[in-house]
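Before any comments, here is the structure.
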Amino acid sequence: MPAPPRPDAPEWTVFEGRLPYPEALAAMEARAAAIRAGTAAEAVWLVEHPPTYTAGTSATPDGLVDARFPVFRAGRGGQWTYHGPGQRTAYVMLDLTRERRRLPPRDVRCYVHALEEWVIRALDRFGIRGERRDGRIGIWVADRATGTESKVAAIGVRVTRWVTWHGIALNVDPDLGHFGGIVPCGISEHGVTSLHRLGVPATMEEADSALRAAWDEVFDEGGAP
């Protein structure tokens, strides 16, 4: 039997259906404020959006090639990102002032590294080797379909008074053609891929299970150092 969740573990919620991006943004901001005020627990939300383009704080107009879907300013770091059906977006709201075993308090760089490690370990459960690349945000894999490297997961965060929001987006089985409307994360020389394109026909539920298990390895303060 799996161990019960710790009382101080984040609340995990899987949102049914496709959550409009503005609703997610408003809900995240409210939850982050409540965490900061001490009136709500930390949280991880697993959502799926309708086709949407979002612009980070570094996004430039030339990164939007074809505004075929609704466009929103996200307020997170980074440039242009696509969200849509078949992609699991995980919004992570943590209090970075807390003492944690593996994540030093008030260390945003270490937090981003932990998010990367979380995705890498989740991918490993499907036999996929995800890797970091200097100067390229996100998690990258060898893509046999293109003979080069492609991004399988995007990462974009915002930290407001030491509470995090936004998070990661893992491509399970989205329509990869939808990424053609933007220059994803400002990188034009490499493409995007998905679990299905890499030969792993995972369901969204299986992706969620992998993310949940990998979380405990990276963020669980009760685990081994």
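What follows is calculated from the coordinates using simple rules that are stated; it is not laboratory data. If you're wondering where the values come from, they're calculated on a predicted model, not measured in any experiment. All Cβ positions, glycine included, derive from the backbone under ideal geometry; neighbour counts span all protein chains shown.
Data for the structure
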item: Cα shape, region 49-174, gyration tensor, a/c 1.5 rule; result: oblate
item: Listed peptides 172-182, 60-70 by packing density, highest first (mean Cβ within 10 Å); result: 172-182, 60-70
item: Residue 14 long-range amide H proximity, modeled H, under 5 Å; result: 46
item: Inter-probe distance in nm under a simple model that places probes 7 Å from Cα toward Cβ, at residue 124 and residue 146; result: 2.5 nm
item: Amide H contacts of residue 162 (H built 1.01 Å from N, under 5 Å, at least 5 apart or other chain); result: none
item: Per-residue Cβ neighbour rank within 10 angstrom, fewest leading, 139, 168; result: 168, 139
item: Förster radius 22 Å - calculated FRET efficiency between residue 99 and residue 36, Cβ distance, rounded to 0.05; result: 0.85
item: Summed residue charge, Cβ within 14 Å of residue 161's Cβ, Lys/Arg positive, Asp/Glu negative; result: +3
item: Overall form of region 113-156 per C-alpha gyration tensor (a/c, 1.5; a/b vs b/c); result: oblate
item: FRET efficiency estimate (nearest 0.05) - Cβ-Cβ, residue 72 to residue 217, R0 35 angstrom; result: 0.60
item: 3J(HN,Hα) from dihedral phi, region 26-34, Karplus parametrisation 6.51/-1.76/1.60, rounded to Hz, x for glycine, proline; result: 5, 5, 4, 4, 5, 5, 4, 5, 5
item: Square roots of five times the Cα gyration tensor eigenvalues for the chain, Å; result: 26, 21, 16
item: Residue order, fewest to most surrounding Cβ atoms within 10 angstrom, among 204, 28; result: 204, 28
item: Spread of Cα-to-Cα distances over 10 Å intervals beginning at zero, given as percent, for region 1-80; result: 15, 37, 30, 14, 4, 0
